[in-house]
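The values are calculated or read from the model by the stated rules, or taken from the named source; none is laboratory data. What you see is a predicted model; the values in this text were computed from it and never measured. Note that we place each Cβ from the backbone using ideal geometry, even for glycine, and neighbour counts take in every protein chain shown.
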Amino acid sequence: MTTSLATPPSYADTPTLLVKIFGKDRPGITAGLFDTLAAFAVEVVDIEQLVTRGRITLCALVTAPSTGTATEGELRATVHSWAESMKLEAEIISGTGDNRPRGTGRSHVTVLGHPLTAETTAAIAAAITSTGGNIDRIFRLAKYPVIAVEFDVSGTETPGLRTALAMEGARHGVDVAVVASGLQRRAQRLVVMDVDSTLIQDEVIELFAAHAGCEEQVAEVTARAMRGELDFEQSLHARVELLAGLDESVVEKVRTEVRLTPGARTLVRTLKRLGYQVGVVSGGFTQVTDALQEELGLDFAQANTLEVVDGKLTGRVTGEIVDREGKARLLRRFAEQAGVPLAQTVAIGDGANDLDMLNAAGLGVAFNAKPVVREAAHTAVNVPFLDTVLYLLGITREEVEAADGEEDED
Ligand SMILES: [Mg+2]
């Protein structure tokens, strides 16, 4: 079949052969197979090849040889004898046409296992099937710091699939993220993160409280806020009040005490290399977020500011208050400044005051969050490594490490 470039070839009614080769991988197998097939002047409709622990699986879908030149029988015999000479297994299946078109309703399902057991994999696959979805492709995104496997699913709507898999993931102690496939996923260009217990492992107010000797009082206010007796702004003011009189020099000490979440640097560095803009919004304090912005090269940072008068904290905050609504408002502002539509933003956070931001973003990721946040977000990560968010964006560990390697050579 010869077609002009203007019309894509249609193999709908064409007899085709699926040629599958399996065996020990070594150089020259792909060239050898196609060299063998070339003698029959067949066209390549599709190819897939992968290597798992040194074993190659090569599938070639080719048109059957046209009658009059060579017969299908001759092709079969030739391929089998080549495979035998290479100590490979070959299977050839006759049929018609190309792959069946993928169903509508397409999603990427990312499973983060730590470890990933066969039992869990069976449960995930069965849950996908139960929603009417079909698994079209499976591949490993990463083996470090967790096993990340992506299932490409079609034939079912993303929200229903997400609900079914969230329950199954929780039951088996793995994270399952479901995102709609399409260009949107590749186009995500702004990531905005919460700071306390997300970008960093600490709650900054608690670090200050330790220096002021009022940890218990701060914890009590936090508990009241969690019980719903105080809203975020009230609890912020009540906690900051307890810091009144603290010497300004404590700010520097707190900055050095802050511990980044494992994977934070890798996440930010990789996103920046891919051309993303990255920002933080925090109900904590600019005294800490400004330093983080500089250290990590963040494009945006906004937080509350502790007022300092005559070298002492006054127990008040100044400027625009960053609370639950404030975080969502800042996400919108950063997106506007970055020239990125909201649908192409990713927000990451752990607390109830991140919920508006997580819901406003194109993709909201609950990071080691409380159940109420986890349930309301698009997707959740419950392993303590921030770089696993990259896998939800379809970025593989290999790509991360390759980029790091290139940088080292510079
Ligand atoms: Mg937080």
Quiz prompt | Single match in A39, A70, A77 (criterion: surrounded by fewer than 13 Cβ atoms within 10 Å (Cβ to Cβ), among the hydrophobic types (A, V, I, L, M, F, W, C) and either more than 43 Å from the chain's Cα centre (by Cα) or at positive phi (or both)) | solution = A77
Quiz item: So which residues in the range 158-212 are of a type in the set (V, I, T), within 13 Å of the ligand (Cβ to nearest atom) and assigned to a loop (DSSP other than H, G, I, E, B)?
Solution: V195, T198
Quiz item: Quick one: how many residues across the range 270-297 are more than 16 Å from the ligand (Cβ to nearest atom), within 29 Å of V146 (Cα to Cα) and in contact (Cβ under 8 Å) with a residue 24 or more places away in the chain?
Solution: 11
Quiz item: For the range 59-91, which residues satisfy the criterion of being more than 13 Å from L37 (Cβ to Cβ), touching a residue at least 40 places away in the same chain (Cβ under 8 Å) and part of a loop (DSSP other than H, G, I, E, B)?
Solution: M86, K87, L88
Quiz item: Of all the residues that make up the range 366-410, how many are hydrophobic (A, V, I, L, M, F, W, C), in contact (Cβ under 8 Å) with a residue 60 or more places away in the chain and assigned to a strand (DSSP E or B)?
Solution: 3
Quiz prompt | Boolean, G173 is within 25 Å of V373 (Cα to Cα) and loosely packed, with under 15 Cβ neighbours inside 10 Å | solution = yes
Practice problem: Tell me which residues, restricted to the range 354-410, are modelled with pLDDT under 90 and among the basic types (K, R). | Solution: K370, R374
Self-check item: Hey, E150 touching a Leu at 6+ places or on another chain (Cβ under 6 Å), surrounded by fewer than 21 Cβ atoms within 10 Å (Cβ to Cβ) and at pLDDT 90 or above or not
Solution: yes
Self-check item: Residue satisfying condition, being touching a residue at least 24 places away in the same chain (Cβ under 8 Å), assigned to a helix (DSSP H, G or I) and either surrounded by fewer than 19 Cβ atoms within 10 Å (Cβ to Cβ) or not charged (D, E, K, R) (or both), within set I128, I56
Solution: I128
Exercise. Collect the residues in the range 327-353 that are part of a helix (DSSP H, G or I), within 16 Å of the ligand (Cβ to nearest atom) and either modelled with pLDDT of 95 or more or surrounded by fewer than 17 Cβ atoms within 10 Å (Cβ to Cβ) (or both), keeping them in residue-number order.
Key: K327, A328, L330, L331
Practice problem: Could you look through the range 363-410, keep only residues that are among the hydroxyl-bearing types (S, T, Y) and surrounded by 20 or more Cβ atoms within 10 Å (Cβ to Cβ), and pick out the one that is farthest from the chain's Cα centre (by Cα)? | Solution: T379
Exercise. Filter the range 213-246 down to residues that are of a type outside the set (V, I, T), modelled with pLDDT of 90 or more and in contact with a Gly (Cβ under 8 Å, 6 or more places away or on another chain), then give me how many there are.
Key: 6
